[in-house]
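The values are calculated or read from the model by the stated rules, or taken from the named source; none is laboratory data. All values derive from a computational prediction rather than experimental measurement. We place every Cβ from the backbone using ideal geometry, glycine too, and count neighbours over all the protein chains shown. Only protein heavy atoms, including side chains, enter the accessible area calculation; ligands, DNA and RNA are left aside. Shrake-Rupley method; radii C 1.70, N 1.55, O 1.52, S 1.80 Å.
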Amino acid sequence: MSTTPDAAPPLGEHRLGDRWVLRALAGPPYERPRRPSRTYAVRPAEGGPELFLELHRVPGHPLRACYPFGAHDLAIGLVLPSPDEAGPGPGPAARLLRDLVPALFALAPRCRRVIAAPDENDTAAQLALEQGGFRRIAEADLPGGSVVLFAAEPPGIAGLSTALDDMPH
C-alpha cells in the first residue's frame, strides 16, 4: 500500500498486464493536485493515444459529499484523447476501465466502489464509463460544477439486491 494513508494505492505495470503501458507522473498534467492522488499517463501497449488517469481515495475527495461512501472507496479521473485520436468503437478509455477496475479491486480488497464523476456536459467521458462497465447512479453539484456520478462495484456487491423486500427484517 501507499506510504501516504490518504493516497490511493499505487499501480504498477504488472497490475494491468501487458496490454497497457503506465508511467507514474508527479502530478496531474493539467493542474496542481490539491489532495493526495496518484497520477499516471497510460497508453495501449500496441500504440495509440495517451490517457491520463488520477486515483484518489473518496474520503479525501469532494465526492465524499455525493453518496454514502465507504472508507476504502476509490475515485478515478480520466483525461481522454481527442475524438479524432480515439477511433471508432469502444475507445481506449473504455478498454482501460475494463482492465483497471478489476485490478483496483484486487489491489484494494476492502474497496467496495470505484467512482467517477465527469462533468454533466462531458458526454464522451460518460459514454467511455458506461462502455467500461460503470453504472450511472446520480447527478451532483460540486463547487466546480455539476457532475454525473458513475460507480463500479465488485461482483459480490453488485449482485446484491437492493429491493426493500429482499432486505433482512
(message) Of everything in region 107-121, what is within 17 Å of residue 79 (Cα to Cα) and free of Cβ contacts under 8 Å to residues at least 12 places away in the same chain? Give them in sequence order.
(response) 121
(message) Can you report the number of residues in region 111-125 which are closer than 19 Å to residue 58 by Cα and open to solvent by 40 Å² or more (accessible area, probe 1.4 Å)?
(response) 3
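Residues checked against (1) surrounded by fewer than 18 Cβ atoms within 10 Å (Cβ to Cβ); (2) not in a loop (DSSP other than H, G, I, E, B):
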{"position": "55", "(1), (2)": "no, yes"}
{"position": "63", "(1), (2)": "no, yes"}
{"position": "69", "(1), (2)": "no, no"}
{"position": "100", "(1), (2)": "no, yes"}
{"position": "105", "(1), (2)": "no, yes"}
{"position": "109", "(1), (2)": "yes, no"}
{"position": "127", "(1), (2)": "yes, yes"}
{"position": "146", "(1), (2)": "yes, yes"}
(message) in a helix (DSSP H, G or I), at pLDDT 85 or above and basic (Lys, Arg): is that true of residue 15 in this structure?
(response) no
(request) Could you please tell me which pairs satisfy a Cβ distance under 6 Å, a separation of 6+ or placement on different chains, a first residue in region 14-30 that is farther than 11 Å from residue 50 by Cβ, and a second residue that is of a type outside the set (Lys, Arg) and at pLDDT below 60? (result) 27/33
(request) Would you point out the residue of region 80-89, among those that are crowded, with 16+ Cβ neighbours inside 10 Å and closer than 19 Å to residue 133 by Cβ, that is modelled with the lowest pLDDT? (result) 86
(message) Whether any residue in region 110-125 is under 19 Å from residue 11 (Cβ atoms), within 16 Å of the chain's Cα centre (by Cα) and at pLDDT below 90 is what I want to check.
(response) no
